[in-house]
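The values are calculated or read from the model by the stated rules, or taken from the named source; none is laboratory data. Since this is a predicted model, take the numbers as computed values, not measurements. With ideal geometry, Cβ positions are generated from the backbone for all residues, glycine too; neighbour counts draw on all protein chains shown. Note: areas computed on protein heavy atoms with side chains; ligands, DNA, RNA excluded. Shrake-Rupley method; radii C 1.70, N 1.55, O 1.52, S 1.80 Å.
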Amino acid sequence: MSAETNCILLQKTEKRFEYEIAQFYLIGWPELFPDHVIGELCPAHGQTAFSLARLEQLVVHRQLDTIPDGYIQVGRANPEQTIKLSIGLASNNNTGLTKRLYEVDEHLRPNVNTTRAFNQWMSRHGIEPNATSSSGNHFSIELTVSKAEKLLNTTFHYFNHEASNESLIRTKEYSVPSSLQEDILLLQPTTHIPPEPHPRRRRDRPRASASNTTIRRRQLTCEQAFEVSCVQGQYGIPADVQTTDQVGILSFNNQAVQGVSLAKIIWPLKIYMSQFRDDISLGSVDVEIISIDGGNNQDPQQKDTNEANLDIQMVLGLVPTTKVKVIATGSTHSDPLLDDLDTFNYLLSRSDPPPVLTMSYGIDESGISLDSAKAVCEAIKALGARGVTVITASGDGGVAGGGQSNSCTTFQITFPSSCPWTLSVGATNITTGTEIGADFSTGGFSRIFAMEDFQVNTFINFQQQMGNTYAGLYNGGGSMAPVLSMVGAGLLVRDQNIFTLEDGTSASAPITAAAITGLNQIRTSRGESRLGFASPFMYMNPDVFNDITQAQAQILDAILMAFRPYQLGTR
């Protein structure tokens, strides 16, 4: 019997045949009727009753309502081009994870029905997904555009960014099996188009540089240049903190240590320490670079070591005996938040993740994928449940978010600082002699994540002070950031062959990481646990802060307070 005859006969018995195939799928035998077999039965099977699209009962999962300004759709994507998709499945007990800080993998793991339905969907299309999380809730798949179009019942196009003339492959709409409609929380990059093809994430802002190579302690006052001894004096951090705890420094965007030799990090550190911490003998330095997604195998000519030197000098300058892990993540996704997700999933897979992490990178909330942000935030929450403090720099654009724009129609906050499970850090300026809010420090309210209970009382106080000022420009029901602030202006850093003065919340974040690491040492020496997810603890202990009531410019900090960490340690 010819293929054409088969088509006619099968169409005549459409309802019975479709029902039988559906039963095979339901009991887990999709291999009996794979796509290529149906294609052989009927070359035009896309028009018959028993095509995969109908058998799977596909439903629209996400769609793009309008193409963002600055982009134009220019044509269909090359069907043979390979794309990489990240898929996230709903955890079986996300509420339990919030309430209970144990058994993290079990809380994140999808339920058995979700896992079965997902595996059957992949199997029907001959795809073997790569698990990217130890709990089995995140996967990546690499496939051609044509195969992705069949999988998602969609059409991918090129969207050209007119200003940069760069193109992204995206779709306006895609579908998934109805059985997975509620359980797929992430499937990107698909319908999200960022404001620009490669959103910038670096926060620190070099302010000036000094060419003299022999600047020493007491040559400059703390008002002229703030170095580690100034930080110690300002915040009461002891000079003799002894701890072997790890601090993880997260590095992205092919910056920092990526593509450069470790010597470029160590030698500036030794020069810096010899001049500003001459009270100690540095000896050997325990710095390890961990590569994720090729993060330590980038362009060997990359010379941008500024961020790494800043982070390492602030951490080891304040806590010299700590072990530093620089986690360098390459840019393998067109959605940068998926690089973040790979990083946090890697840390969750470790039996001993560093108890303190510091991250000086972020993106305005307005430019990110909602699904990607929620997936990253859930991973950060899981790390907090493991006892890890995740510190993030709040941003350097004031109410304009991560940029330095002076014009904005609504106030912006940056991600991941807007995730309520991070310890978001803003910046103060002490170069005037009095600690005041730095003019660039970003603060505000999330439009993605809701305010948590531990933030409510602080918000009520904030609202009473602000009244109707700026009403409508921010989301008063959103998660607040930063949680605290530390010095971030006029920091003296040794970068390769010169000293530089740095401004940015990316300086405040590693200073906070060092302070938390020292505080953890005090707590563990008394038989207490490390701080872990620290934000509720901070909100419940307002007496460990100095309220900052002055700023260099109008900034919207949900709570702009300078942290006095060792007031906690002396109780």
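See the values below:
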item: Some residue of region 325-336 being among the basic types (Lys, Arg) and part of a loop (DSSP other than H, G, I, E, B); result: no
item: Qualifying residue in region 143-153 (condition: open to solvent by 20 Å² or more (accessible area, probe 1.4 Å), in a strand (DSSP E or B) and at pLDDT 95 or above); result: yes
item: Of all residues in region 505-551 being under 25 Å from residue 362 (Cβ atoms) and assigned to a loop (DSSP other than H, G, I, E, B), the one that is most open to solvent (accessible area, probe 1.4 Å); result: 530
item: One residue from 357, 347, 383 being assigned to a strand (DSSP E or B) and in contact (Cβ under 8 Å) with a residue 24 or more places away in the chain; result: 357
item: Per-region count, region 126-142, residues in contact with a strand residue (DSSP E or B) (Cβ under 7 Å, 6 or more places away or on another chain) and either not β-branched (Val, Ile, Thr) or not in a loop (DSSP other than H, G, I, E, B) (or both); result: 9
item: Flag for residue 376 being open to solvent by 10 Å² or more (accessible area, probe 1.4 Å), closer than 30 Å to residue 472 by Cβ and β-branched (Val, Ile, Thr); result: no
item: Some residue of region 341-351 being open to solvent by less than 20 Å² (accessible area, probe 1.4 Å), charged (D, E, K, R) and farther than 30 Å from residue 276 by Cα; result: no
item: The listed residue being modelled with pLDDT under 85, surrounded by fewer than 20 Cβ atoms within 10 Å (Cβ to Cβ) and in contact with a strand residue (DSSP E or B) (Cβ under 9 Å, 6 or more places away or on another chain), out of 44, 53; result: 53
item: Residue match in region 262-276 (condition: within 25 Å of residue 196 (Cβ to Cβ), out of contact with any Lys or Arg (no Cβ under 7 Å at 6 or more places or on another chain) and either modelled with pLDDT of 75 or more or open to solvent by 50 Å² or more (accessible area, probe 1.4 Å) (or both)); result: no
item: Test: residue in region 487-501 that is part of a loop (DSSP other than H, G, I, E, B) and open to solvent by 50 Å² or more (accessible area, probe 1.4 Å); result: yes
item: Qualifying positions in region 240-257 - at pLDDT 80 or above, in a loop (DSSP other than H, G, I, E, B) and crowded, with 24+ Cβ neighbours inside 10 Å; result: 252
item: Filter result for residue 558 (part of a loop (DSSP other than H, G, I, E, B), within 27 Å of the chain's Cα centre (by Cα) and modelled with pLDDT under 85); result: yes
item: Some residue of region 66-80 being surrounded by 13 or more Cβ atoms within 10 Å (Cβ to Cβ) and at pLDDT below 80; result: no
item: Selection count, region 154-180, where residues are polar (S, T, N, Q), on the phi < 0 side of the Ramachandran plot, open to solvent by 60 Å² or more (accessible area, probe 1.4 Å) and part of a loop (DSSP other than H, G, I, E, B); result: 0
item: Scan of region 435-484 for residues that are open to solvent by less than 30 Å² (accessible area, probe 1.4 Å) and part of a strand (DSSP E or B), ordered by number; result: 436, 437, 444, 445, 446, 449, 478, 479, 480, 481, 484
